[in-house]
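Contents: one structure, followed by commentary.
Please treat every number below as a calculation from the coordinates, not as lab data. Remember, predicted model here, so these are calculated numbers, not experimental data. We place every Cβ from the backbone using ideal geometry, glycine too, and count neighbours over all the protein chains shown.
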Amino acid sequence: MGALSTATAREKRHYVFRRADSGLAFPEMPLDSSVTPSKPKQVTESEYWDKYYDYADVIYEWNNGLLEEKPVSDHENVLMYLWFVELLREFLRVKRVANLTVLEMGFKMNLPHKTVIRKPDLGVVLNNNPIPLQLHDRSYKGVCDMCIEVVSDSKPEEIERDTDTKLGEYEAAGVKEYYILYTKGDAMAFYRLNRHGVYVPIKPVFGDVIQSQVLPCFQFRISDLLNQPTPEQMAFDPVYEKFVLPYYQAEKKARQAAEEKIKRLEAKMARLIKS
């Protein structure tokens, strides 16, 4: 599941709390060297919230009594993640229907067989969610409407955690859509709950376009997760034009219309001079 590099994680933390303008700061805590992705430590839930939830340099999750460190994604997957985050932010600037959580905000899931606290790489909470995301929340008290994880593939168990373990957890908790981002292999996947509360793969349309039901009108090409076009390139693309840089689109169209008008006037003046 892709915890990002330390520098990137810090940048993301700053984004969350600059946006909230909360002035919150996290205490520097010594790294617990007894915890590794393959060697989880047993702690109580209260110990997790008190000691490990706000670790400054390591992202920890809590899996029914076991402390789990989120492993690091490689740079290629980080770039994909950042592109996707910016695409979602473009959408939510135009369609103000939800808020985002990023890497260091967790939410608790009381599942039938266990309790877990997960920190998705990216979460979406709709404005009409029964439990709204508050501006100064440091953890989300409800269940995210959409979760996105970036696969870390340092070890097979890390891939399994995102593609299998979390798949089952998010499904059981009622997360409506779950996206697994990955730059290589078959692990990239996109799921949606059906009417029975079971995850089914989202079928691409128009070739490789994924369309969200959680965020109506939000869509993207799977291939663009790898190609990562710029916002300017997407602004006049039919897949993205409804929500990417609308003001840029309007300005460019207005400029083109003005240029066409000038050309028509110049042509008319040329005809008048000749006559």
Given the peptides 235-241, 53-59, arrange them by the average over their residues of other C-beta atoms within 10 Å, most packed first.
53-59, 235-241
With a ≥ b ≥ c from the Cα gyration tensor eigenvalues, square-rooted, and the rule rounded for a/c under 1.5, otherwise prolate when a/b > b/c and oblate otherwise, the stretch 69-202 is rounded
Under a Cβ-only charge scheme (Lys and Arg +1, Asp and Glu -1), can you give me the dipole magnitude of the stretch 6-244 about the Cα centre, in debye to the nearest 20?
760
As a test, work out the antiparallel percent of DSSP beta bridges whose residues both lie in the stretch 92-217, rounded to the nearest 5.
75
Around Arg138, what is the net charge, scoring Lys/Arg as +1 and Asp/Glu as -1 over all other residues with Cβ under 10 Å from its Cβ?
-3
Mind ranking 77-89, 143-155 by how tightly packed they are, going by the mean number of other C-beta atoms within 10 angstrom, highest first?
143-155, 77-89
Excluding Asp74 itself, what net charge comes from residues whose Cβ is under 12 Å from its Cβ, given Lys and Arg +1 and Asp and Glu -1?
-2
Per 5 Å bin, what percent of the C-alpha pairs of the stretch 6-244 does each bin hold, from zero upward?
1, 6, 14, 18, 21, 18, 13, 6, 3, 1, 0
